[in-house]
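Taking it in order: structure first as structure tokens, then the write-up.
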Amino acid sequence: LVTVASAASGARSGGGGGGGIRELRGGGAGRRVGGRTEVRDVEGDREVQELGRFSVEEHNRRRRSRDCGDVRLEFGRVVAAQRQVVSGLKYYLRVAAAEEGAAGQNGGEPRVFDAVVVVKPWLESRTLLTFAPAADSPNES
């Protein structure tokens, strides 16, 4: 912010020209403070894959504690992810998971789920906020 204010102030006073202002606008395009950013190389990002595994395990644990039957999900992989800085990091994950022993139901094909996980590294805390079938999943049942 100080750099932006200094550059804007210099441009108004005639020193430094307008080139710096255009450069600042172009360099920050598409990024907002607190906005979501795509995670690149999702499949190679060990932290994102671990959070996907955590979200499936936590979903299974919650289903067991509510006595929702024996159907368990088996983690496949995170196929897409976004990261947002909040009071910690909020991850929006698209997770592929298959039902254990459900080969007859959907041919063993993984289903796609959307999960939201908040990570607070300084507290060594991970919290699953939501886990649900993806609205646009072709295998949604």
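The values are calculated or read from the model by the stated rules, or taken from the named source; none is laboratory data. This is a predicted model, so every value here is computed, not measured. Cβ: placed from backbone, ideal geometry, glycine included. Neighbour counts: every protein chain shown. Areas reflect the complete protein model, heavy atoms only, side chains present, ligands, DNA and RNA absent. Shrake-Rupley method; radii C 1.70, N 1.55, O 1.52, S 1.80 Å.
Okay, here's what the table says:
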{"quantity": "Sole residue being surrounded by fewer than 17 Cβ atoms within 10 Å (Cβ to Cβ) and either modelled with pLDDT of 65 or more or of a type in the set (A, V, I, L, M) (or both), chosen from Arg94, Arg36, Arg111", "calculated": "Arg36"}
{"quantity": "Residue tally, condition open to solvent by 50 Å² or more (accessible area, probe 1.4 Å) and more than 17 Å from Phe54 (Cβ to Cβ), over segment 75-91", "calculated": "3"}
{"quantity": "Selection status of Arg72, surrounded by 15 or more Cβ atoms within 10 Å (Cβ to Cβ), touching a helix residue (DSSP H, G or I) at 6+ places or on another chain (Cβ under 8 Å) and either modelled with pLDDT under 90 or under 29 Å from Ser125 (Cβ atoms) (or both)", "calculated": "yes"}
{"quantity": "Selection from segment 39-61 of residues that are open to solvent by 40 Å² or more (accessible area, probe 1.4 Å) and either hydrophobic (A, V, I, L, M, F, W, C) or in contact with a strand residue (DSSP E or B) (Cβ under 8 Å, 6 or more places away or on another chain) (or both)", "calculated": "Glu43, Arg53, Glu57"}
